[in-house]
Structure formats: structure tokens, C-alpha cells
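**Q** There's a structure below that I have some questions on.
Every number in this text was worked out from the coordinates using simple rules, so none of it is lab data. These figures come from a predicted structure and were not determined experimentally. All Cβ positions, even for glycine, are placed from backbone atoms using ideal geometry, and neighbour counts span all protein chains on display.
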Amino acid sequence: MTTPAGTTPAGTTPAPAQPAVVMRDVGKAFAARRILDDFALTIARGEFVALLGRSGSGKTTLLRILAELDTVDEGTVLAPRNRSVVFQEPRLIPSERVWRNVLLGLPRRESTLARAQEALAEVNLADHARSWPHTLSGGEAQRVALVHRPDLLLLDEPFAALDALTRLRTQALVHELWHRHRPAVLLVTHDVDEALRLADRVVVLTDGKVGLDLRVDLARPREGTGSRFDDLRSQLLAELGVARPSSPA
Amino acid sequence: MTVQDSRCAPGELGRGSATSDDLATSDDLAAAEPADLAASLDLTDLSRRRNAPGRRAGLRRARWLLRGLVPAALLIAWQWSTSAGLVPPTTLASPKSVLEAARDLIADGELQTALRVSAGRALTGLVIGAGIGVAAGLVAGLWKLGEELVDSTLQMLRTVPFIALIPLFVVWFGIGDTPKIVLIAVACVFPVYLNTFAGVRGVDRRLIEVGRVFGLSRTRMITRLVLPNALPSVLVGIRYAMGISLLALVAAEQINASSGLGALVMNASNQIRTDIVIVGVVVYALLGLLVDLVVRLLERLLLPWRPTIVKS
């Protein structure tokens with residue numbers, strides 16, 4: 001099941017009809033377990049895709065393949081060179097100050113404090129440029145991870161370890177940054193409501209294949225209420241095998 | 001103020017039937033003595049026992065005095081037993097004569113010279129040994145081939161008690177400074193090697209992944225990720241090695257030495273001058289203390305990003 005490459009995000013300015021990610025005939029197995037089986041997925045430039053799946057379904061493996069942290073056994077994977085990953089737990093280098101963490105990938109002569117501060121200002125952390133990572137809160141550390149300007153932003157349950165209020169604020173920040181810079185986004189999550197509030201498209205990974213590929217045709221910003229929202233949520237929960245989709249936990 | 005009667009059945013609590021209305025009026029609750037109230041309600045007064053901050057503060061103030069009590073008693077017993085002639089000075093010199101011996105040794109510069117010679121040996125040996133240990137640890141930690149070549153050999157050599165090597169080193173290097181420095185260096189290699197290797201291998205895999213996501217080259221991965229994050233462990237190894245270097249120094253100097261602290265102590269021992277021997281022991285102990293201070297200072301300077309060190 002392949003999604004046509006020429007899709008545009010719903011309710012927003014149309015992104016170029018060019019794909020940022022192309023995955024075709026992808027196979028991946030760990031020992032005897034097939035994680036991805038003849039898997040295909042296309043993400044358009046500027047498109048926000050959320051990936052759902054039961055635990056152990058291979059969501060994170062899929063993201064790690066796109067981050068070049070895991071290899072595929074077979075198939076084709078195309079992705080932009082300029083990628084950035086935000087993990088569930090903040091991964092800042094403890095021995096480098098925040099601003100050095102921000103500029104980690106850059107050559108030394110391009111690494112200036114001013115440049116890092118400019119990037120940090122966008123996530124309201126300019127004052128923390130010279131702090132050590134261990135002095136940041138969990139939410140602040142995740143914001144540092146979000147300052148990069150990638151063509152493909154890979155989010156591996158980045159809100160899962162945050163408290164409820166920080167989670168809402170960080171979700172809003174992700175949405176704002178995506179809206180402003182238009183990277184292609186793959187958000188791995190187990191939270192159906194989060195996926196529906198943020199994404200253009202929600203993909204459910206079932207038995208190594210795309211089990212459901214839903215376009216979220218709701219206007220932004222989304223409140224997470226309404227009959228269409230409930231309808232989409234019911235479809236997703238049914239695909240995820242939750243018995244009573246009308247009353248989510 | 002709502003008080004619930006503990007005697008009521010569990011089911012009654014939920015229905016709200018046992019509220020303050022059924023009990024004494026709130027005026028009674030406010031006015032009654034705690035003990036009476038507890039008795040009439042069949043409750044226990046948990047506020048009866050209180051912290052006694054005054055007593056604890058007193059104890060805290062007296063703490064240093066208390067801790068000094070036993071050492072002071074020992075010192076007095078030492079002075080008394082030696083000056084009363086219970087213990088002959090050839091067995092144990094009195095604290096007073098130890099102090100006098102120290103004063104004399106400092107006055108004619110003998111102690112300073114010996115200290116300089118001995119500290120020089122320990123430091124030279126330590127620098128050489130720690131250097132080899134760090135280098136071997138990095139080679140084994142960073143490259144699989146290096147681990148195969150270096151690790152099993154060093155693990156094997158590690159089981160040799162370094163003191164057992166002294167006779168061999170005397171044959172090889174004579175009785176000058178060389179065998180002593182080599183012994184100290186050999187003793188220092190292993191703790192530094194083991195901790196460097198463990199530190200490099202122990203760097204969080206997830207940080208390495210961050211480096212890969214940002215496309216760091218192998219060189220930058222090592223210099224910016226692996227080495228700084230292995231450094232705490234390397235410093236632990238160096239700290240061990242500093243202690244061991246003193247141990248090796250004492251062992252090496254007691255076999256044969258014509259200069260240094262060990263020579264001073266051994267000569268005094270031959271002349272049954274226990275006062276000078278004790279001076280030597282105390283100086284060795286002070287050296288150990290100094291070494292510990294140096295390591296703490298090093299950690300403070302080199303690891304500013306570590307939360308534990310920032311707090312202390």
C-alpha cells in the first residue's frame with residue numbers, strides 16, 4: 001500500500017509535490033521476527049506524518065532506519081541528507097555546554113556562540129546558551145533538541161517523558177516550528193489524540209506493513225474535539241486493536 | 001474542622017454519616033486537652049513526640065570535640081606510658097621526642113631533601129605509569145584490534161603482585177633510582193588502564209548515536225564525545241594510581257635506598273631510633289593526604305559539567 005507522492009498537507013499552504021522520504025519494498029527482521037515486511041511509505045516535503053502502532057510493532061525501528069541508526073535488510077530508503085532526531089529522553093552531550101550541543105554537527109569555524117543563541121532564541125532558551133545540560137529541565141532539554149533546521153525531523157515519542165503541562169507546551173512548539181520552517185516530520189507516538197492534533201496524516205504500522213493511512217482533514221489549530229475528530233480516533237483505535245474505541249483510556 | 005470517629009465501620013465513612021455533627025461540637029474539639037481528646041475519641045496523639053532541635057544542635061556543636069576524644073586519649077596514653085618508662089624508647093618513642101626529632105630533621109634540612117627525592121620518584125613513576133595506562137586503555141577501548149592485542153596481556157600481568165618484581169628489578173636496574181621508578185610505574189599502569197578501558201567502553205551508546213545523527217567524523221566523535229565522557233573514569237584510575245604510587249614507593253625504598261624518606265626511615269630503624277621512624281610514617285601519611293587533595297582539585301578543574309561536582 002503506497003501513498004501517492006503528490007500529496008499536500010491539508011488546510012495549509014501546499015508543499016512542493018516532491019517527496020522527502022521514499023521507502024519501497026523495505027524488509028527488516030530481528031532474529032526470526034519480521035519487523036518490516038515489504039513496507040512502503042512516502043512522505044512529502046513539508047508533510048507532518050504521525051506513526052502509530054502497538055508496542056513492539058517496529059515504529060521506533062522505522063524511525064531509526066530513517067535516522068541511519070539501523071540498516072534495512074532489503075528494499076530502498078531515500079531520505080534528505082539534513083535530518084535531525086529528537087529522542088524520547090533528551091540526549092545532550094553532558095560535557096558540552098548547551099550552545100556547543102546546538103552546533104554539534106557544524107565545522108568549528110562556523111560554530112559561534114551568536115549563531116547558537118540565535119537558534120536558541122526561537123525556543124526561548126537564549127539565556128541558557130552557556131549552561132551545562134544537566135542544569136536544564138526535561139522540557140528545556142527537549143527544546144534544545146528542537147532548534148535544528150532539518151529537512152526531515154524525526155521525533156521518537158519526544159513528549160512521552162514530559163509532564164502533562166510541559167507536554168502541551170512542547171507539542172505547541174513543535175507545531176509552531178513545523179509551521180514556520182516546513183520540514184517533513186515523522187512523529188512516532190502511541191498517543192492517538194496527539195497524532196490527530198499535530199499530523200497531516202496518521203499511519204498505523206501493523207504486522208510490518210501500513211495497516212491504515214488516514215489523512216487528517218481537520219482545520220488547524222485543532223482542539224481535539226468534534227465528531228470528525230472522534231470518527232478518526234475511532235478508526236485509529238480500531239486498527240490498533242483497542243476494544244471500545246468510543247471510550248479511550 | 002472535620003474529625004472522623006475511628007470506631008465507625010468502614011462502610012459508614014463513605015456515606016458521610018460519621019461527621020463532626022455526630023461527635024462533640026467543634027468548640028469542644030478546639031478546647032479539649034489533646035490527651036483527653038485522644039482518649040475520648042479512641043485516637044492516638046501523633047504529635048506527642050516531637051523533635052528536640054536543641055539537643056541535636058548541641059550534639060552537632062560538640063561533634064568535633066567528641067570525635068577528637070578518642071585520639072586525644074590515645075595520645076595522652078602514649079605520652080604517659082613512654083614518659084613513665086612503661087615502654088622503652090627503643091620500642092616506641094614518646095610523642096614529645098617524635099616532635100623533637102621532626103624539628104631537628106627539618107632544621108638541618110634532612111627531611112626536606114628526603115621528601116624531595118621520594119616525591120620525585122613517586123611522581124616520575126606515576127606520570128610514566130599513568131601515561132602508559134591511559135594510552136593502553138585508549139587503544140584497547142577504541143579499537144577492537146587493540147583490545148585483542150592489549151587487554152588479555154595486561155589482564156594476565158595484572159595478577160602479578162608488583163612487590164614480587166623488586167628482586168628482578170634490582171638485578172636488571174641495579175640499586176639506584178631506576179628500579180624504584182620502574183616499580184612505581186608498573187604498579188600505576190593497571191588501575192589507570194582498567195579504568196580508562198572501562199570509561200571508554202562505558203560511554204553511553206545513546207550519545208554515540210547522537211554523534212552519528214549529526215554526522216560527526218570518527219576523530220570528532222572520539223575527541224568530543226568519547227574522551228570527555230570517559231574522563232571521570234580515567235580520573236578514578238589516576239586517583240587509585242596515586243595511592244598505589246605511594247605504596248610502591250614505600251615498598252621500593254625499604255629494600256635498598258641511599259637517599260629519600262625510605263633511607264631515612266631504614267637508617268633510623270637500624271639505629272633503633274623509633275622517633276625518626278615515626279616521623280617518616282607520619283610524612284608518608286601526609287603525602288597520601290596531599291595526593292587526595294590534588295585529585296579533588298583536578299576533578300574540579302576538568303569536570304565542570306558533572307552535577308555532583310558542581311554541587312559539592
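**Q** Quick one: which of B:248-261, B:181-194, A:66-79 comes out on top by average Cβ neighbours within 10 Å, and what's the full order, highest first?
**A** Ranked from most to least packed, the peptides come out as B:181-194, B:248-261, A:66-79.
**Q** For segment B:204-219, just list the computed ³J(HN,Hα) in residue order, Karplus coefficients 6.51, -1.76 and 1.60, θ = phi - 60°, integers in Hz, with x standing in for Gly and Pro.
**A** 3, 3, 5, 5, 4, 5, 4, x, 5, 4, 8, x, 5, 6, 4, 4
**Q** What list of ³J(HN,Hα) values in whole Hz, one per residue of segment B:281-286 in order, does the Karplus curve 6.51 cos²θ - 1.76 cosθ + 1.60 (θ = phi - 60°) give from phi, with Gly and Pro shown as x?
**A** Using θ = phi - 60°, the values come out as 4, 4, 5, 4, 4, 5 Hz.
**Q** What helices does chain A have that are whole DSSP H segments, at least 20 Å long along their own axis by Cα, and with mean Kyte-Doolittle hydropathy of -1.0 or more?
**A** Going by DSSP H runs, the hits are A:164-181.
**Q** Between the helical axis of B:110-142 and the dominant principal axis of chain B, each derived from Cα atoms, what acute angle in degrees is found, rounded to the nearest 10?
**A** 70
**Q** Relative to the longest principal Cα axis of chain B, at what angle does helix B:63-83 sit, 0 to 90 degrees, rounded to 10?
**A** 40
**Q** Would chain B count as rounded, prolate or oblate if I go by the C-alpha gyration tensor, calling it rounded below 1.5 in a/c and otherwise prolate when a/b exceeds b/c, oblate otherwise?
**A** It is oblate, given that a/c is not under 1.5 and a/b is not larger than b/c.
**Q** Under 15 Å from a point placed 7 Å out from the Cα of residue A:22 along the Cα-to-Cβ direction: which residues of segment A:76-111 have their backbone N that close?
**A** What the label zone holds, given the 15 Å backbone N cut-off, is A:76-81.
**Q** What ³J(HN,Hα) values, in whole Hz, does the Karplus curve 6.51 cos²θ - 1.76 cosθ + 1.60 give for segment A:89-102 when θ = phi - 60°, with x put for Gly and Pro?
**A** Computed from phi, the couplings for segment A:89-102 are 9, x, 10, 9, 6, x, 8, 10, 5, 3, 5, 6, 4, 4 Hz.
**Q** On to the next question. Can you pull the mean other chain C-beta count within 10 Å for peptide A:101-108?
**A** Averaged over the peptide's residues, the number is 3.
**Q** Still on this structure, please answer the following. Quick one: go through segment B:258-294 and flag any residue whose amide nitrogen is under 15 Å from the point 7 Å out along the Cα-to-Cβ line of residue B:75.
**A** Counting only backbone N, you get B:282.
**Q** Could you pull out every residue, at least 5 positions away or on a different chain, whose amide H is within less than 5 Å of the one on residue A:45? Hs are placed 1.01 Å off N in the peptide plane, and Pro or chain starts have none.
**A** Long-range HN contacts for residue A:45: A:18, A:20.
**Q** Can I ask one more? Quantify how strongly other chains surround peptide A:81-94 by giving the mean number of their Cβ atoms within 10 Å of each of its Cβ atoms.
**A** That works out to 3 on average.
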